[in-house]
1. Which pairs turn up if I take residues in region 90-107 that are assigned by TED's automatic domain parsing to the domain that holds VAL21 and at pLDDT 95 or above and look for partners that are hydroxyl-bearing (Ser, Thr, Tyr) and not in a strand (DSSP E or B) with beta carbon separation below 6 Å, at least 6 apart in sequence or on another chain?
2. With region 138-230 as the region, which strands (runs of 3 or more DSSP E) entirely inside it contain at least 3 residues that are within 13 Å of the ligand (Cβ to nearest atom) and over 23 Å from GLY125 (Cβ atoms)?
3. With the requirement that a residue be open to solvent by less than 20 Å² (accessible area, probe 1.4 Å) and either polar (S, T, N, Q) or touching a residue at least 60 places away in the same chain (Cβ under 8 Å) (or both), what does region 69-89 give you?
4. Being free of Cβ contacts under 8 Å to residues at least 12 places away in the same chain, open to solvent by 50 Å² or more (accessible area, probe 1.4 Å) and either on the phi < 0 side of the Ramachandran plot or in contact with an Asp or Glu (Cβ under 6 Å, 6 or more places away or on another chain) (or both), is that true of even one residue in region 44-55?
5. If a residue must be touching a residue at least 40 places away in the same chain (Cβ under 8 Å), away from the ligand (no atom under 11 Å from the Cβ) and open to solvent by 60 Å² or more (accessible area, probe 1.4 Å), how many such residues does region 278-311 contain?
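The values are calculated or read from the model by the stated rules, or taken from the named source; none is laboratory data. Keep in mind the model is a prediction, meaning the values are calculated, not measured. No Cβ is skipped: glycine too gets one built from the backbone with ideal geometry, and neighbour counts run over all protein chains shown. To get the accessible areas, we keep the full protein, side chains included, count just its heavy atoms, and leave off ligands, DNA and RNA. Shrake-Rupley method; radii C 1.70, N 1.55, O 1.52, S 1.80 Å.
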Amino acid sequence: MKAVIATGLNVLADSLEIADVPEPAPQADEAVVAVEAFSVNRGEALFLTGGYGRPADKGWRPGQDVAGVVVRAAADGSGPAVGTRVAGHPEGTGWAERVAVPTGKLAELPDDVSTTAAAALPLAGLTALRLVRAAGDVVGHRALVTAAAGGVGFFLTELLAGAGAEIVAVTSNDARAVRLRELGAAAVVQRAADAEGRYDLVFESIGGQEFADAVGKAAPGATVLWYGQAGLKAPTLDFFSLMAATPLTIKHFPHWISLFTDGQDIATLVRLVGAGRLHPEIGRVADWAETAQAIADVYERRVRGNAVLTIS
Ligand SMILES: NC(=O)c1ccc[n+]([C@@H]2O[C@H](COP(=O)([O-])OP(=O)(O)OC[C@H]3O[C@@H](n4cnc5c(N)ncnc54)[C@H](OP(=O)(O)O)[C@@H]3O)[C@@H](O)[C@H]2O)c1
C-alpha cells in the first residue's frame, strides 16, 4: 500500500513523499481503517524540521488524525464492525491508505458528519476539549486565548464560548478574527498585549514575549494553561511583572493525559459537530499528493484552522 513518509530533508515542502510500505499488522485490539482523509498539524511540522531537537529520520511515518471506514475489525471483538465510518487518533502512521488503530482510540461517525470534518477532530479537537476540562469552572469567567485561529484555537474558542466563558481571542489575521467572533469570541485582538482588562483563564501556546504578555493579563487567582510554543522561542517571564497578579497558577498541559479515552472524547466532539455546536474550521482541503505543501503552509500560518488531505 502507499503511505506518506519523511524524506529526511528539513525543508518542509520537500520533507514528505508517498512511497510503498507494508500493510498494517494489527494487534488484537486494533481495527484496520481505510483512510479517506487525514489532517496535518503544526506539531508534525516541528518534528519534520527539527523544532523538537533534530529533524525526523528518513522513513518516519506521521499521522495521528484519520477518518475513513473499518476494513478489518479488531480480533478481540472490541470496537466497530467492518464497514463502519470512523474517526481515530493512532500514535502515528495514519497518513496512509490503511492504518491499524486501537479500538479505544476510535469513534463512530453518523451520516451527518463528513469524513473531511471528522479528520480535523482528533489531535486539535482533543486538545481543545481537554484544555476546557483542565480549566475547570469556565462559566462566566474571562478567558484570553492566544493562537486562537489555529487548529486547536478555533475549537478551543467555540468550546469555551459554548461552555459560558467570555473570550478575548488573539490572531494577527483580520479575516480569521471575523470568524472567531462568529464562533463566540467577545473581542479579538492582534496581540495579547492589546487585550483589555484581566483574565481568570489564559490559554497560551505561542511562547516568547507573547507568553509574558498573556500571563501579564492574568487576574489574581487566575489559571494559565500553557500548552505549546508555536513561535519556537522559550517564554520570557519576569518574576516582578507577575507580582501584580499573584497568586496565579501556571499549568503545563499535555493533551494525551486524560481520564477519558480518546475514543470517548472524539465521540463527544463528533456529537457536538453533528448537533451544530462545533464547527471544524478547515482552511485547506487537498489531495494527499499535496501533503508536504499543506504542512509547509500550516507552518507558515497560511492555513485558517486545520488542513485536511483526502485519499480517493
Ligand atoms: N500540549 C499539547 O498536548 C498540544 C497539543 C496540540 C498542539 N499543541 C501545540 O499548540 C500550538 C498550536 O497548535 P496548532 O496545531 O493549533 O497550531 P497552528 O494551527 O499552526 O496555529 C498556531 C497559531 O498561532 C499563531 N501564531 C502567533 N504567533 C506565531 C508564531 N510566532 N509562530 C507560529 N504561529 C504563531 C498563528 O495565528 P495567526 O497567524 O492567526 O496569528 C497560528 O495560526 C503548537 O505549538 C502545538 O505544538 C500542543
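1. Matching pairs, first to second residue: VAL99/THR93; THR103/SER78; GLY104/THR261.
2. Details: elements: 142-145, 166-170, 187-189, 199-204, 218-226.
Those strands (runs of 3 or more DSSP E) do not exist here; none qualify.
3. First, pick out the residues of region 69-89 that are open to solvent by less than 20 Å² (accessible area, probe 1.4 Å): 70, 74, 80, 86-89.
ALA87, GLY88, HIS89 - these are the residues of region 69-89 that are open to solvent by less than 20 Å² (accessible area, probe 1.4 Å) and either polar (S, T, N, Q) or touching a residue at least 60 places away in the same chain (Cβ under 8 Å) (or both).
4. Initial filter on region 44-55 (free of Cβ contacts under 8 Å to residues at least 12 places away in the same chain): 52-54.
Of the ones still in play, those that are also open to solvent by 50 Å² or more (accessible area, probe 1.4 Å) are 52-54.
Remaining after also requiring either on the phi < 0 side of the Ramachandran plot or in contact with an Asp or Glu (Cβ under 6 Å, 6 or more places away or on another chain) (or both): 52, 54.
Yes, some residue in region 44-55 is free of Cβ contacts under 8 Å to residues at least 12 places away in the same chain, open to solvent by 50 Å² or more (accessible area, probe 1.4 Å) and either on the phi < 0 side of the Ramachandran plot or in contact with an Asp or Glu (Cβ under 6 Å, 6 or more places away or on another chain) (or both).
5. 4
One line per residue, one yes/no per condition, for (1) part of a strand (DSSP E or B); (2) in contact with a helix residue (DSSP H, G or I) (Cβ under 6 Å, 6 or more places away or on another chain); (3) open to solvent by 20 Å² or more (accessible area, probe 1.4 Å):
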{"site": "ALA3", "(1), (2), (3)": "yes, no, no"}
{"site": "ASN10", "(1), (2), (3)": "no, yes, yes"}
{"site": "PRO24", "(1), (2), (3)": "no, no, yes"}
{"site": "GLN27", "(1), (2), (3)": "no, no, yes"}
{"site": "GLU36", "(1), (2), (3)": "yes, yes, yes"}
{"site": "SER39", "(1), (2), (3)": "yes, yes, no"}
{"site": "ARG61", "(1), (2), (3)": "no, no, yes"}
{"site": "GLN64", "(1), (2), (3)": "no, yes, yes"}
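Yes/no per residue for (1) closer than 14 Å to VAL170 by Cα; (2) surrounded by fewer than 13 Cβ atoms within 10 Å (Cβ to Cβ); (3) under 23 Å from the mean Cα position of the chain (by Cα); (4) at pLDDT 90 or above:
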{"residue": "ALA192", "(1), (2), (3), (4)": "yes, no, yes, yes"}
{"residue": "ALA219", "(1), (2), (3), (4)": "no, no, no, yes"}
{"residue": "ALA222", "(1), (2), (3), (4)": "no, no, no, yes"}
{"residue": "GLN229", "(1), (2), (3), (4)": "no, no, yes, yes"}
{"residue": "THR249", "(1), (2), (3), (4)": "no, yes, no, yes"}
